[in-house]
Structure formats: C-alpha cells, structure tokens
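A.B. asks: I'd like to ask some things about the structure below.
Each reported figure results from applying straightforward, stated rules to the coordinates on display, with no laboratory input. Here the structure is a predicted model, which is why all the values come from computation and not from measurement. Positions of Cβ are backbone-derived with ideal geometry, glycine not excepted, and every protein chain shown enters the neighbour counts.
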Amino acid sequence: MADRVTVIGWDGSPLTAAAGSALSAATLVAGAAHHLALPEVPAGAERVRLGSVGLAARRIAGHRGTAVVLADGDPGFFGVVRALRAPEHGLEVEVVPAVSSVAAAFARAGMPWDDAHVVVAHEKTLRRAVNVCRAHPKVAVLTSPGAGPAELALLLDGVHRTFVVCEQLGTTREQVSVLTSDKAADHTWRDPNVVLVIGGAGGTGASAAPWLMGNDPAAGAVRGWAGRPEEYGSEDRPGIGHDPTLRAVQLARLGPRTGDLVWDVGSAGGSFAVEAARFGAAVIAVDADPAARARTETAARRHGVLLQTVTGRAPHVLENLPEPDVVRVGAGGVPVVTACVDRRPERIATHATTRDEAEAIGTALAAGGYAVETVLLQTVGLDPADWTERERSVVFLLSGRRTAGAP
C-alpha cells in the first residue's frame, strides 16, 4: 500500500519547496495530461492519467511506494481530496494547496469574492447551477465539458448577466473575456474554464464588509415570513388567495431552496415571489396584468432579491418557460394547474374558493401523478384592543407532491 499520498495543487506558478520535495520522491504520479508533462515529474515514476478519481485511488491504494496526485488550484476546494479521502480507499492524505481557480478568476477580474456563491456545473447539476445564477448577483461557476459558458448562457435566456470567462488559468494559453450573457453562446470556449456570472442589484458595487461567505440572507430583509401586504407595497391589497397565512402554508408545502426554480403564476403584487426568492430560490413571477409585473419588480427591489417577471396569460405563456422545481398557482384554476402538472414539477400549491373547484383541482393533480393534500384554511384577524374581527379568509389549500414512479 502507498506509504503516503500527497496531493499537490498547481496554479501555474513554480512549485513550492514542499511540493517539489514531495514530487521528486514520488514513485507514482497521478494527474491530468498537462500535469504529467511537468518537468518536475520523476522520469522513473509510474504515471496515471487522472480521469476517474475512484479508479486512480484504487491504483494508488495498491501501489507500494510514495504517491503524488497533481490537481489544478486548491485540491481541497471542490477538488480531488474529498474523493481520495473516501473510507473505502483507506488513504492517508497530505495536501499542498495552491491558489484556487475561483480565487484566481476573481483576482483577474479585480473583484472580492467573499460575497459570491460557488457552484459546480456538469451534466447533472447544470440546471441547478443556472438557477443559482438567476437568484444571486455574484456566482462563480466551475464548469465541465458540455456544461460551460455557452450552455449557461442558453439556459439563462431572458435573464441579463455579465460573464467573466477565465480560460486555462495559470497556463500560457490563459485568456479572460468579459461579455454579456447573450453573447456567450456564440463562442467556442477552451476547457478548463471558470465563469463569473455577475448582475442584478449589488452585483458589482461596494458593500459593507460581510461576515458570512456568500450573500447574507438577512441583510436588509424584514425579519420573519408571510409579511403583511403593506410590506410589499400599498397596491398589494389582501384578498382571496393572498392572505399571509395561506402564503406561509404554501411556502411550507413547496419548500423553495437554493438551486430551485419557482414559478409563481398569478403573482399579483409579488409577495409570494419575493418570499420564495428570500429562501435563495430562482423565481419567475407570471401575471397577465402589466401593473402586477411593475408591483412585483418594485417589491423585489425593496427586499433586495433577484427574480424574473413575465407578462402574459397562463397557461399559454408558460410554454416557453424553463422547467420548474415547484409551482405556486395564484390564479387560473384547473386549466393552469393542468398545464403546470404537464411540466412535472416536484410540488404544486394552489387554492380554491369553492368545494367544487377544489375537487376539480384535486382530480387534476391526482391524474398527473401527485399525492394530494386538501385543507380548509380559515383565518380571522382580530383587533387586540377589543378582540373584534378585522378580516376573515376562508379558502381551500391544495398541494400536490409528485409520487415516485409517476409518468
């Protein structure tokens, strides 16, 4: 078994004394092609191309001697260290880090990155990475072949961002390009690359010194959820389907989170859309009324969140929207719910004002493969001075959870 496994990060600069010493003593060296071509790799060492880290780890575990793994940037930051430390390999790992590719990319851009989100984009996570770019003003994307700048740009259709594309950092072929997201799909990009996705409120401006990596979800936000309508603008009046308690239960049933895309169909004044965005989700707020779009955008600015608004009548306007993870239907009834069911989100929440409508919506959800919960939700607002009734809301809350094996 290997006596020692040293993981050396490489950022294009000369190796440190510690890294050079470990590499010169290695009897097995694993890495990408450009790592194995480094002149510091001992001529007599066994060389392993680092494609599958699991396969390489098994080769290392069976090797009698001293092994070194070469990796780009900081191998402990979304790198090979996690895979090498998996219990099944039984490897003792020592790490000699270098500057991470994310740190190098922000350095090339001359920007701080303690307020940035960092995501990995590959075939399985590309859509969720794009949703983070929709929801946050500063995101670093560690790309992979087939999930690079062009693919990010195509999925961000309709959302304006600035791309800082850093190709082959630390090499003689390093190139940094700054362009708008709608232009990125027109280029062919070299791997490996890192994409900084910048845009929206607070994306490039100076801000107070942060205390938490990434965006502080509490910064400038009203404490609590299901705020009163006046917190979202004087025009977002309470009414059927917009009661704060109903909104709170809908949020609880849908559970929007970072990496999700939420549809809010019938957004009205944007109270639900804004609160879903405060959870870190990407949100598309849809309403047929142009005034509703303006109210929603105003509420989003007031609460410091990013979201996309679309004006159009559902269900037709939904056809060209990207696939949702969860959907809240605030208006439109059975036809809109049926159209949302056809897009197969994980969860759907809506409401009805009559039992007949509730039964019809429940039937549509069940027919689409959803487990349906129906609750009669009644809230009565009281004046604390004399306990008289101020307002009352009675509504059927319906929520659907997509079942395993549903078509």
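A.B. asks: If you keep only loop residues by DSSP, which GluC sites (Glu not before Pro) in the range 328-407 have at most 16 other Cβ atoms within 10 Å of their Cβ?
C.D. replies: Answer in residue order: 346.
A.B. asks: Next question, about the same structure. Under 5 Å between amide H atoms, partner at least 5 residues away or on a different chain: which partners does residue 4 have, H built in plane at 1.01 Å?
C.D. replies: 67
A.B. asks: How much length would be gained if the chain were fully extended between residue 52 and residue 373, taking 0.36 nm per residue of separation minus their Cα-Cα distance, in nm to one decimal?
C.D. replies: 111.1 nm
A.B. asks: Quick one: what are the phi-derived ³J(HN,Hα) couplings along the range 130-147, Karplus 6.51/-1.76/1.60 with θ = phi - 60°, whole Hz, x for glycine and proline?
C.D. replies: 3J(HN,Hα) across the range 130-147, in whole Hz: 4, 5, 5, 5, 5, 8, 10, x, 8, 9, 9, 10, 7, 8, 8, x, x, 9.
A.B. asks: Taking only Cα atoms and a 10 Å spring cutoff, compute GNM fluctuations for the chain and point out the largest among 277, 364, 285.
C.D. replies: Highest fluctuation among the options: 364.
A.B. asks: May I pose another question? With a point put 7 Å past each Cα toward its Cβ, work out how far residue 162 is from residue 391 in nm, to one decimal.
C.D. replies: The two pseudo-label positions are separated by 4.1 nm.
A.B. asks: Project the alpha carbons of the range 55-196 onto their principal axes and report the range along each, largest first, in whole Å.
C.D. replies: 54, 30, 29
A.B. asks: Further question: Counting Lys and Arg as +1 and Asp and Glu as -1, what is the net charge of the other residues whose Cβ lies under 15 Å from the Cβ of residue 383?
C.D. replies: Neighbourhood net charge equals 0.
A.B. asks: Now for a different question. So between residue 78 and residue 107, what do we pick up on full extension, going 0.36 nm a residue minus the alpha carbon distance?
C.D. replies: 8.6 nm
A.B. asks: Would you please give the residues with an amide H less than 5 Å from that of residue 29, counting only those at least 5 places away or on a separate chain, with H modeled from the backbone geometry?
C.D. replies: Answer set, sorted by chain and number: 46, 47, 48, 68.
A.B. asks: Shifting gears a bit: Given R₀ = 60 Å, FRET efficiency for residue 183-residue 382 by Cβ-Cβ distance, to 0.05?
C.D. replies: Calculated transfer efficiency: 0.60.
A.B. asks: List, in order, the whole-Hz ³J(HN,Hα) value for each residue of the range 294-305 obtained from phi through the Karplus relation with A = 6.51, B = -1.76, C = 1.60 and θ = phi - 60°; use x for Gly and Pro.
C.D. replies: 5, 5, 5, 5, 5, 5, 5, 5, 4, 9, x, 10
A.B. asks: Using modelled amide H (1.01 Å from N, peptide plane; none on Pro or chain starts), what sits under 5 Å from the amide H of residue 118, excluding residues fewer than 5 places away?
C.D. replies: It is 140, by chain and number.
A.B. asks: Then there is this: Along the range 115-129, what does the Karplus equation 6.51 cos²θ - 1.76 cosθ + 1.60 (θ = phi - 60°) give for ³J(HN,Hα), rounded to whole Hz, x for Gly and Pro?
C.D. replies: Here the 3J(HN,Hα) series is 9, 9, 9, 10, 10, 10, 10, 9, 3, 7, 10, 4, 4, 5, 4 Hz.
A.B. asks: As a check on your grasp of the helix formula, calculate [θ] at 222 nm for the chain: sum -39500 (n - 2.57) over DSSP H runs of n ≥ 4, divide by the residue count, round to the nearest 500.
C.D. replies: Estimated from H runs of four or more residues: -7500 deg cm²/dmol.
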